[in-house]
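The values are calculated or read from the model by the stated rules, or taken from the named source; none is laboratory data. Computed from a predicted model, the values in this text were never measured in an experiment. Methodologically, a virtual Cβ is constructed for each residue, glycine included, from the backbone with ideal geometry; neighbour enumeration extends over all protein chains shown. All accessible areas refer to the heavy atoms of the entire protein, side chains included, with ligands and DNA or RNA removed. Shrake-Rupley method; radii C 1.70, N 1.55, O 1.52, S 1.80 Å.
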Amino acid sequence: MNKPVKTPPLAAYDPHYDPLVSEGPGRNRDYAPTYWTATCGPLPEDDGPISRDTDVDVAIVGSGFTGLASAVFLAREHGIKAAVLEANRVAWGCSTRNGGQGQNAAGRLTRSQWIERWGRDIALKLHAEVSHGFETFEELIRQSPIDSEPQRGGHLYIAHRPRNFEKIAAEAKVLSEVFGEPTKVISAEELRRDYVNEAEAVGATLEPRGTGVHPAKLAFGYQQMARDLGATVHPGSPVIEIEHRGGAFYLRTPGGTVKARAVGIATGAYTAPGLTPLLRGRCMPILSNSIVTRPLTPAELEATGFKTKLVLTDTRTLRYYYRLLPDNRIQIGSRSSITGADADHPKHLQLLIDGLHRKFPALQGIEIDYSWWGWVDVSHDMMPRIFQPDPAQKLVYALGYGGNGVSYSAQAGRRMAQMIAGQRFKGQDLPIFTSPLPTHSFSPFRRIGQRMLYRWYHYRDEAA
């Protein structure tokens with residue numbers, strides 16, 4: 001009889017963790033103090049940490065949206081029961097720290113930029129893939145045993161300057177006429193009358209596909225589905241290194257080595273530097289900060305003109321993403337800090353509060369109930385990859401969403417499962433499946449360049 005697994009003591013949350021300088025994300029660390037983890041209810045059961053050497057068919061590293069979705073699809077569509085290995089608590093990284101905005105997107109590029117980079121034919125196929133991904137996301141929401149509080153109806157892209165309105169109106173025409181995605185251009189007057197009275201707005205576009213979710217409940221729904229299908233989920237089990245020998249992979253954890261015939265890597269921006277040379281320098285971890293207010297009063301709701309609970313983003317390069325939550329709180333986030341060491345400086349919190357006040361002057365002085373930050377995996381060409389580096393080895397990674405992974409991660413998990421199972425799929429010849437994440441040529445100087453870019457972006461975004 002196996003001895004019961006002893007879970008290591010819960011370690012404190014580390015606000016200064018930084019993927020570029022830390023050896024790894026730690027072991028069994030507590031969640032960041034997000035609104036999502038505070039309001040998700042009881043956590044679903046897991047399978048405890050790895051406590052001895054074990055043999056599995058597939059090991060998935062990372063228990064966020066992608067890793068858990070992959071475990072669901074491996075079991076449901078291919079009859080493969082995976083073991084999901086997580087360094088800390090389940091869905092500890094970006095999946096419980098994001099804004100919960102599911103959009104019909106993957107990566108940071110617009111559809112016009114897809115056409116410019118790859119041509120119209122590939123752009124149309126990529127649009128079909130991403131749109132299928134949004135359907136996969138909605139499919140999992142509907143099937144989940146945990147209600148993730150979906151707020152459906154589309155995505156409002158709000159211009160904060162006249163020149164930005166011209167750009168998004170032109171992009172809306174491309175979306176509608178080239179890609180068949182009916183996107184509506186909305187004047188400032190219509191926006192304030194029918195949607196929200198945002199003081200900065202000079203107009204907006206409404207994309208038809210967009211869904212806001214409670215991301216922690218979504219992740220834990222994936223977790224329960226995966227375990228119900230026979231997968232195992234092991235928190236407190238950081239993978240220290242992955243070695244391939246004799247046709248198998250050996251994943252070393254503090255509690256034992258996991259031998260697997262195939263591996264899926266879904267660690268996002270929280271990828272440990274020593275995990276595998278295949279991923280060294282291939283993503284730039286970027287911090288994103290977020291706050292949630294106390295619930296708005298009826299008078300405050302009237303003053304802000306909120307008639308919608310659609311997901312909202314503005315047109316800054318260092319964009320704000322925001323929405324009215326089901327309990328009438330406002331969540332708003334943006335980029336701010338450069339390093340983990342500086343992440344808890346009050347100026348980053350103040351930047352978000354100032355942004356909230358600019359958009360909604362009636363909320364001056366409103367109490368902020370939650371404040372947190374997390375790391376986003378930005379690829380160097382602004383597009384994600386689901387890629388198998390060596391056709392002779394069943395190792396696949398899915399990374400590089402650039403902050404647009406809430407919805408597409410479900411599809412990435414499905415595609416990773418198909419690659420691991422050796423199944424072909426429509427669109428597999430697209431660049432996001434056939435090319436690796438690009439490396440950064442000047443890795444030691446990335447943070448210097450990031451500081452310079454942030455100053456330029458801020459100047460350009462705020463210029464009248």
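In the context of the full set of protein chains, the chain has a per residue accessible area of 40 Å² (1.4 Å probe).
Divide, for the chain, the radius of gyration over alpha carbons by 2.2 N^0.38 Å, where N is the residue count.
Details: Rg = 21.4 Å, N = 464, 2.2 N^0.38 = 22.7 Å.
This ratio for the chain stands at 0.94.
Translational diffusion coefficient, Stokes-Einstein: compute it for the stretch 50-97 using the Kirkwood radius over C-alpha pairs as Rh, at 25 °C and 0.890 mPa s, and state it as an integer in µm² s⁻¹.
Values: Rh = 11.3 Å.
The calculation lands on 217 µm²/s.
Each listed q (0.09, 0.16 Å⁻¹) maps to a log10 I(q)/I(0) for the stretch 348-464, found by the Debye formula over equal Cα scatterers with no solvent: -0.42, -0.93. Annotation note: chymotrypsin sites (Phe, Trp or Tyr not before Pro) in the stretch 314-397 located in DSSP loop regions with a Cβ neighbour count of at most 14 within 10 Å are absent. Here K307 is the anchor, and the lysines within straight C-alpha reach of less than 23 Å, apart from those fewer than 8 places off in the same chain, are K184, K359.
Roughly speaking, what % of Cα-Cα pairs in the stretch 59-131 are separated by over 16 Å, rounded to a whole number?
Numbers: 1655 of 2628 pairs.
Counting pairs separated by more than 16 Å, the tail of P(r) holds 63 percent.
The modelled label-to-label distance between K347 and M452, using points 7 Å beyond Cα along the C-beta direction, is 2.0 nm. Bridging of K259 to aspartates and glutamates at a Cα separation below 13 Å is possible for D53, D55, D57, E241, E243, once same-chain residues fewer than 8 apart are set aside. Overall, the anisotropy analysis places the stretch 1-112 in the oblate class: the square-rooted eigenvalues a ≥ b ≥ c of its C-alpha gyration tensor yield a/c not less than 1.5, with a/b not exceeding b/c. The share of accessible area on the stretch 359-464 that comes from carbon and sulfur is 57 percent, using a 1.4 angstrom probe. Below 19 Å, Cα to Cα, which aspartates and glutamates can K309 reach? Residues fewer than 8 away in the same chain don't count. Cα-Cα hits under 19 Å: E138, D147, E149, E189, E190, D194, E198, E200, E207, E300, D327.
Would you work out the Kirkwood radius for the stretch 149-294? I mean one over the mean of 1/r across all pairs of different Cα atoms, in Å.
Working: mean 1/r = 0.0501 Å⁻¹.
For the stretch 149-294, inverting the mean 1/r across all distinct Cα pairs yields 20.0 Å.
Evaluated at q = 0.13 Å⁻¹, the base-10 log of the normalised Debye intensity for the stretch 127-207, with identical point scatterers placed on the Cα atoms, takes the values -0.52.
Label points 7 Å out from Cα along the Cβ direction at D429 and Y13: separation in nm? Each label point lies 7 Å from its Cα, and together they span 4.8 nm. The distance between label points at R294 and A170 comes to 4.6 nm (points 7 Å beyond Cα on the Cα→Cβ vector). Calculated on the alpha-carbon coordinates, the convex hull of the stretch 230-294 measures out at 141 cubic angstrom per residue. Counted over the stretch 276-429 with a bin width of 5 Å, the fraction of Cα pairs per bin, in whole percents, is 2, 8, 15, 17, 15, 12, 10, 9, 7, 4, 2, 1, 0. Mean projection of the Cα convex hull over all viewing directions, computed for the stretch 162-241: 10.3 nm².
Explain nothing, just the number: relative contact order of the stretch 166-314, from Cα pairs under 8 Å at least 6 residues apart, as a whole percent.
Details: 132 pairs, mean separation 33.4, N = 149.
22 percent.
Compared with the dominant principal axis of the Cα atoms in the chain, helix 120-143 is inclined by about 80°. Heavy-atom surface analysis with a 1.4 Å probe gives the stretch 125-226 a carbon and sulfur content of 52 percent of its accessible area. Here the stretch 130-207 and the stretch 382-418 have alpha carbon centers that stand 25 Å from each other. When you restrict to C-alpha pairs under 8 Å that are six or more residues apart and normalise by the size of the chain, the relative contact order lands at 24 percent. Our summary of shape: the Cα atoms of the stretch 277-337 have principal axis extents of 55, 22, 20 Å, ordered from largest down, in whole angstrom.
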